[in-house]
Amino acid sequence: MNIKEVKNAIKFGDFVLKQNHRNKIEIKWLPNITKEMLKDETPRVYLFVQDGRIKKIGGSSGLGGIKATISFYVTGMQGSPGSSRFITHLLIADALEKGSKMELYMITSPKVPAIVNGLFTSVKMEIASFKEMERLCMKEYKEREEKYPDWDFQENHEPYPVELARKHNIYHQKRLNGKKE
């Protein structure tokens, strides 16, 4: 699906290659994206777009806003990354190395008043949930394309690319053995 068909997404930045670093990519935020927008903790759906085509749909309500959400992808070659983020990092890097343009888009929904139950009380507050947004985005994508985006491997019931899964395993083996890459 071409990003131009999407009505509710806002472009936030471009992925670029990072030189001489274990992390191969970084994000360049657009100049009109403010620090407040980057740190806004409104639940969000994010889209990774390669040459105008949506490659991955994800969602988060994590603290720190879109900046923190995307940091897990751009730092995917350090710490203890899960296979999805590690492999997505390498897919973005590979696309950039081959001359593709990689962009980040985001979708949010307005908060709505709701009664939220705690352990002992019920409190009226404004809420927004990324899961419902993410499910709707995935449903609409699949209805139009007859499958989920290429990099949403689990949703497509497909294995990760063998070579990238192997690199993820090797990375963790080295980490566990106390060796640096």
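Since every read-out is calculated from the coordinates, none of them should be taken as a lab result. Worth saying up front: this structure is predicted, and the values here are computed from it rather than measured. Backbone-built Cβ (ideal geometry, glycine too); neighbour counts: all protein chains shown.
The table below gives the values:
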quantity	calculated
Other-chain or far-sequence residues with amide H under 5 Å of Gly13's (modelled H)	Leu30, Leu104
Dipole of region 92-159, positive direction: furthest Cα of Pro113, Ser129, Ala95, with charges on the beta-carbon	Pro113
Fewest-first ranking of Arg22, Arg175, using other Cβ atoms within 10 Å as the exposure measure	Arg22, Arg175
Residues Leu47, Leu164 arranged by fewest to most Cβ contacts within 10 Å	Leu164, Leu47
Extension gain from Val116 to Lys139, taking 0.36 nm per residue of separation minus the Cα-Cα distance	5.6 nm
Cα lying deepest toward the dipole's positive end in region 3-176, options Ser71, Met138, Ile10, charges on Cβ	Ser71
Separation in nanometres of the label points that stand 7 Å from Cα toward Cβ, at Glu158 and Ser109	2.7 nm
Nearest-20 debye value, the chain charge dipole, Cβ charges on Lys, Arg, Asp, Glu	580 debye
Packing rank of 142-149, 31-38, where each peptide gets the mean count of other beta carbons within 10 Å, highest leading	142-149, 31-38
Residues Ile107, Ile170, Ile66, Ile3, sorted so that the one with the fewest Cβ neighbours within 10 Å comes first	Ile170, Ile3, Ile107, Ile66
Spacing of the two label points (7 Å from each Cα toward its C-beta) at Asp150 and Lys98, in nm	0.6 nm
Mean-position separation - Cα centroids, region 101-179 and region 66-91, in angstrom	13 Å
Candidate values [x] 1, 6, 9, 9, 8, 8, 7, 7, 8, 10, 10, 8, 5, 3, 1, 0; [y] 1, 7, 15, 18, 19, 15, 10, 7, 4, 2, 0, 0; [z] 1, 8, 17, 21, 21, 17, 10, 4, 1, 0, label of the one derived for P(r) over Cα pairs in 5 Å bins from 0, in percent	[y]
